[in-house]
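Engineer: One structure is given below, represented as structure tokens, and several questions about it will come after.
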Amino acid sequence: MSASHPLPLRPEAQHLVDRLLAEMTLDEKIGQMTQPEKNSVRPGDVARLSLGSVLSGGGGNPDPNTPHSWREMVSAFQEEALASRLGIPLLYGVDAVHGHNNVVGATIFPHNIGLGATRNPDLVRRIGRATALEVAATNVRWTFAPAVSLPQDVRWGRSYEGYGQDPEVVSPLAVALIEGLRGEAWNAPTSVLPSVKHFVADGATAYGTSQRVNRATLEVDRTLAIAQMGESLVELVEQGAWQIDQGDSFIDEATLRAVHLPPYQAAIKAGALNVMVSYSAWQGVKLHGHRALITDVLKGELGFGGFVVSDWAGVDQIHPDDYDRSVIDSINAGVDMVMVPFNAERFIAALRGGVESGEVSVERVDDAVRRILTAKAALGLFGRPQTDSALLDTVGCEAHRDLAREAVRESLVLLKNDGGALPLPRTGELLVVGEAADDIGAQCGGWTITWMGGRGETTSGTSILTGLRAELGGERVQYSADASGESHFPVAVAVIAEEPYAEGMGDRAELHLSTEQLRLLERARKRCDRLVVVLLSGRPMIVTEPLAHWDTFVAAWLPGSEGRGVAEVLCGAHPFKGRLSFDWPRSRGDLPRTPTAQHLWTAGEGLTAVLGDAVST
Ligand code: GLC
């Protein structure tokens, strides 16, 4: 028995859902539960299969990758859906996890780990609203965000998708994003459906338990091929890639309920209408087949009346050798829509077979379809399936970039500031070193333009170097990517960065700085009186040894397209306000985070200096 819907529809909308459900054939119902990725959908499929949704996975972009071509692509799918027998509108989904990040020219906001350091729900709410406008501009009304992961082992490549390690920090920010994406009402023209993910305890998996990649054969399946890692996959797997992500978690139920469940309770209370299931397992049972957690806890105990979507081919992992059994078990566990993503008709046939054999009840299918249609009705899709193209003017607009810069400024955490290197002097020359000082791709990290992200000018924005030159005057800022040279400076700013990654591709056994990074810092050290180190990373890194040689250390996380925000704070135009939302391990032995782990700094720390008179908290 499903819970009552927390957002009762207006009577006419409820009547529409009831009428459609009564008229739909079994195949039309199953079509609504089917979500292929856009490159696997042939012309005519949406109408022929009555598809309920299509998605762009990370990097699932049109060519050319422009806001206009995104809008054209999504609108074409929608037109097909409206031409189907019952004309049920399509719900197109994307990972707009830090802005509409697949789209070149969109505003890229700091990843969640940086927003967690702001502890500012109002800021995150405004980011949600700005993101919704840019997403709706492309006719998309569903984003697979917020992640409410609570990463317990920062060797996990998805650590940066978490706001923090404490539900007291995560829940208010997740609710704020949901409220921002919703705007004035779910059925308002620019509301965007959030997907609260990944249910549940995705951040609790243990190192070494992931089975996502066969480490002997290193077989690259169709999904991993999208990452386009080529030969580097071998090197990354040796460094620990795919050791944690999608693994198994062994926490007890009390910990699951106390730490990992609260953000879902808060999100449901805020009216969330979609939850995405985690790839991971809990005590050996894959979440995608976990009826007790999905149906009994999420839908029953927590009263979730929205719909549950699987993760990308997450269903397949339940029984890797028996797809049909996997489909039956996932739907019976409470999954309502399946992110297939490649072969819609194989999924449809498997579920049809399950219903015809009686292994999946018609009532379960009807419950799933009712949840999906109710969410579409709540979004006002039936009355207004297309958004206003005038919204395209909001994509990457100055107001949104100003908001992103504000978020960057508030996300920075000052962890060391000896010797008064900050604020950067507004007289004399400044040396800036590190390729990452002038690299928007390094600032953005994964989930940017492509799934894994990438170095270089991948989209528009301002680098940290550009920002410093704007703040101090270009002639005063000397840049040397490799810190080579002999001249000496009062102050040097060294920017180092993790290589962009996403998901398990970013799992690592070690979190030390690379030899190349340490050598760059050594060269910079010799050329200045005061050394300011800025780290662009998706997580705390092990910096205990080299820290002694740095006068100032700033954690900048993955700030996104507006690197000028970093420069504004380094130059004292704005104060440091950020505070860690993650514990910072002293050594590898302090991973995963346990009560006995030693930390260099703990969550909550950060020197909030109104620069010029550093006041540490
Ligand atoms: C990915 C991620 C999920 C994302 C989905 C669609 O594998 O696990 O967070 O929303 O697939 O891209």
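Engineer: Scan the range 345-367 for residues that are touching a helix residue (DSSP H, G or I) at 6+ places or on another chain (Cβ under 7 Å), assigned to a helix (DSSP H, G or I) and surrounded by 15 or more Cβ atoms within 10 Å (Cβ to Cβ) and report the count.
Structural biologist: Residues meeting the conditions: 10.
Engineer: Would the range 277-285 turn up any residue that is within 24 Å of D153 (Cβ to Cβ), assigned to a strand (DSSP E or B), at pLDDT 95 or above and open to solvent by 30 Å² or more (accessible area, probe 1.4 Å)? I'd like the intermediate steps shown before the answer.
Structural biologist: Of the residues in the range 277-285, the ones within 24 Å of D153 (Cβ to Cβ) are 277-285.
Narrowing further to those that are assigned to a strand (DSSP E or B): 277, 281-282, 285.
Now restrict to residues that are at pLDDT 95 or above: 277, 281-282, 285.
Add one more test, that the residue is open to solvent by 30 Å² or more (accessible area, probe 1.4 Å), and what stays is 285.
Checked against the condition, which is being within 24 Å of D153 (Cβ to Cβ), assigned to a strand (DSSP E or B), at pLDDT 95 or above and open to solvent by 30 Å² or more (accessible area, probe 1.4 Å), the range 277-285 yields at least one hit.
Engineer: To continue, here is another question. So in the range 317-328, with the set limited to residues that are over 22 Å from the mean Cα position of the chain (by Cα) and either over 21 Å from S210 (Cα atoms) or within 15 Å of the ligand (Cβ to nearest atom) (or both), which one is surrounded by the most Cβ atoms within 10 Å (Cβ to Cβ)? Talk me through it step by step, then tell me what you get.
Structural biologist: Restricting attention to the range 317-328, the residues satisfying the condition of being over 22 Å from the mean Cα position of the chain (by Cα) are 318-328.
Those left that are additionally either over 21 Å from S210 (Cα atoms) or within 15 Å of the ligand (Cβ to nearest atom) (or both): 324-325, 327-328.
Details: D324: 17, R325: 15, V327: 29, I328: 23.
Among residues in the range 317-328 that are over 22 Å from the mean Cα position of the chain (by Cα) and either over 21 Å from S210 (Cα atoms) or within 15 Å of the ligand (Cβ to nearest atom) (or both), the one surrounded by the most Cβ atoms within 10 Å (Cβ to Cβ) is V327.
Engineer: Another one. All but one of (1) farther than 30 Å from T374 by Cα; (2) more than 14 Å from the ligand (Cβ to nearest atom); (3) part of a loop (DSSP other than H, G, I, E, B) hold for P189; which doesn't?
Structural biologist: (1)
Engineer: Condition first: in contact (Cβ under 8 Å) with a residue 60 or more places away in the chain, open to solvent by 20 Å² or more (accessible area, probe 1.4 Å) and assigned to a loop (DSSP other than H, G, I, E, B). Can you find one or more residues in the range 43-57 that meet it?
Structural biologist: Yes - at least one qualifying residue is present in the range 43-57.
Engineer: Here is a further query. For the subset of the range 592-606 comprising residues that are part of a loop (DSSP other than H, G, I, E, B) and at pLDDT 95 or above, which member is most open to solvent (accessible area, probe 1.4 Å)?
Structural biologist: Taking the range 592-606 and keeping what is part of a loop (DSSP other than H, G, I, E, B), we get 592-598, 602-606.
The next check asks that each one be at pLDDT 95 or above; those that pass are 602-606.
Values: T602: 58, A603: 48, G604: 26, E605: 73, G606: 6 Å².
That would be E605.
Engineer: Here's a follow-up. Please work out if S460 is within 16 Å of F109 (Cβ to Cβ) and surrounded by fewer than 21 Cβ atoms within 10 Å (Cβ to Cβ). Please lay out each step first, then the result.
Structural biologist: Working: within 16 Å of F109 (Cβ to Cβ): yes; surrounded by fewer than 21 Cβ atoms within 10 Å (Cβ to Cβ): yes.
For S460, the condition - within 16 Å of F109 (Cβ to Cβ) and surrounded by fewer than 21 Cβ atoms within 10 Å (Cβ to Cβ) - is met.
Engineer: Also: Give the range 32-50 a look and list any residue that's farther than 18 Å from S195 by Cα and away from the ligand (no atom under 16 Å from the Cβ), or say none. Show your work before the answer.
Structural biologist: Applying the first criterion (farther than 18 Å from S195 by Cα) to the range 32-50 yields 38-50.
Of everything in the range 32-50, those that are farther than 18 Å from S195 by Cα and away from the ligand (no atom under 16 Å from the Cβ) turn out to be R42, P43, G44, D45, V46, A47, R48, L49, S50.
Engineer: Spot the failing condition for D63; the list is (1) in a loop (DSSP other than H, G, I, E, B); (2) within 16 Å of the ligand (Cβ to nearest atom); (3) over 15 Å from the mean Cα position of the chain (by Cα), and only one is missed.
Structural biologist: (2) is the only condition that D63 fails.
Engineer: Right, next: Only one residue in L403, L373 is under 30 Å from I449 (Cα atoms), in contact with a helix residue (DSSP H, G or I) (Cβ under 8 Å, 6 or more places away or on another chain) and of a type outside the set (V, I, T), so which one is that?
Structural biologist: Sole residue among the options that is under 30 Å from I449 (Cα atoms), in contact with a helix residue (DSSP H, G or I) (Cβ under 8 Å, 6 or more places away or on another chain) and of a type outside the set (V, I, T): L403.
Engineer: In the list T107, T118, T131, which residue meets the criterion of being at pLDDT 95 or above, within 16 Å of the ligand (Cβ to nearest atom), crowded, with 24+ Cβ neighbours inside 10 Å and in the same structural domain as G57 (by TED's automatic domain parsing)?
Structural biologist: Values: T107 fails: within 16 Å of the ligand (Cβ to nearest atom); T118 fails: within 16 Å of the ligand (Cβ to nearest atom).
From the options T107, T118, T131, the qualifying one is T131.
Engineer: Which of the residues spanning the range 429-449 are among the hydrophobic types (A, V, I, L, M, F, W, C) and either at pLDDT below 95 or part of a loop (DSSP other than H, G, I, E, B) (or both)? Full working, then the answer.
Structural biologist: Just the residues of the range 429-449 that are among the hydrophobic types (A, V, I, L, M, F, W, C), to begin with: 430-433, 436-437, 440, 442, 444, 447, 449.
Selection gives W447, I449.
Engineer: Further question: When only residues in the range 78-93 that are of a type outside the set (S, T, Y) and surrounded by fewer than 21 Cβ atoms within 10 Å (Cβ to Cβ) count, which is farthest from the ligand (Cβ to nearest atom)?
Structural biologist: Step one: of the range 78-93, the residues of a type outside the set (S, T, Y) are 78-83, 85-91, 93.
Within this subset, residues satisfying the condition of being surrounded by fewer than 21 Cβ atoms within 10 Å (Cβ to Cβ) are 79-80, 82-83, 85-87.
Details: E79: 23, E80: 21, L82: 24, A83: 26, R85: 28, L86: 27, G87: 27 Å.
Top of the filtered list is R85.
The values are calculated or read from the model by the stated rules, or taken from the named source; none is laboratory data. All figures in this text were calculated on a predicted structure; none of them were measured in a lab. Note: ideal-geometry Cβ built from the backbone for every residue, glycine included; neighbour counts use all protein chains shown. Remember, those area values only see protein heavy atoms, side chains included, never the ligands or the DNA or RNA. Shrake-Rupley method; radii C 1.70, N 1.55, O 1.52, S 1.80 Å.
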